[in-house]
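Chemist: What follows is a structure written as structure tokens; I'll ask about it next.
Every read-out reported here was derived from the displayed coordinates using simple, explicitly stated rules and does not represent laboratory data. Please read all numbers here as calculations on a predicted model, not as lab measurements. Counting neighbours? That spans all protein chains shown, and the Cβs are built from the backbone with ideal geometry, glycine included.
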Amino acid sequence: MKGNIEERACALADYIIENRATVRAAAKQFGVSKSTVHKDLQDRLPGYNPVLYRQVKAVLDENKAERHIRGGIATRKKTRGV
């Protein structure tokens with residue numbers, strides 16, 4: 001999704017909020033890099049839509065707090081061959 005950066009940032013934020021998605025999942029869905037997602041959400045979105053930024057920040061903070069749990073689950077699946 002190239003083109004208007006403001007639209008992409010808002011679309012990324014909407015996707016993350018609706019799906020409780022991670023940055024990696026959003027990047028894969030939109031065909032951009034994780035760095036682009038971070039740049040759009042952290043640097044550009046607050047200037048365009050501060051309310052949407054606060055909502056997406058809450059989801060991203062929650063994901064960050066839970067990432068060690070997801071990593072442990074992934075390791076357990078890998079070692080058990082599931």
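Chemist: Take every Cα-Cα pair in the range 25-69 and report what % of them are more than 15 Å apart. Please report the intermediate quantities before stating the final value.
Modeler: Numbers: 498 of 990 pairs.
Cα-Cα pairs of the range 25-69 separated by over 15 Å account for 50 percent.
Chemist: So if each residue of separation counts as 0.36 nm, and I subtract the Cα-Cα distance between VAL51 and ILE69, what length gain in nm does that give?
Modeler: Contour length minus the Cα-Cα distance gives 3.6 nm.
Chemist: Could you compute how fast the range 5-80 diffuses translationally, taking Rh as the Kirkwood radius over C-alpha pairs and applying Stokes-Einstein at 25 °C with viscosity 0.890 mPa s? Give it in µm² per second.
Modeler: On the way: Rh = 12.9 Å.
Estimated via Stokes-Einstein, D reaches 191 µm²/s.
Chemist: Mind counting lysine pairs for me in the chain? Cα separation below 23 Å, and the two need to be 8 or more apart along the chain or on different chains.
Modeler: 15
Chemist: Within the range 1-47, which trypsin sites (Lys or Arg not before Pro) sit in a loop by DSSP and count at most 13 neighbouring Cβ atoms inside 10 Å?
Modeler: On the way: sites: LYS2, ARG8, ARG20, ARG24, LYS28, LYS34, LYS39, ARG44; in loops: LYS2, ARG20.
Listed in order of number, the matching sites are LYS2, ARG20.
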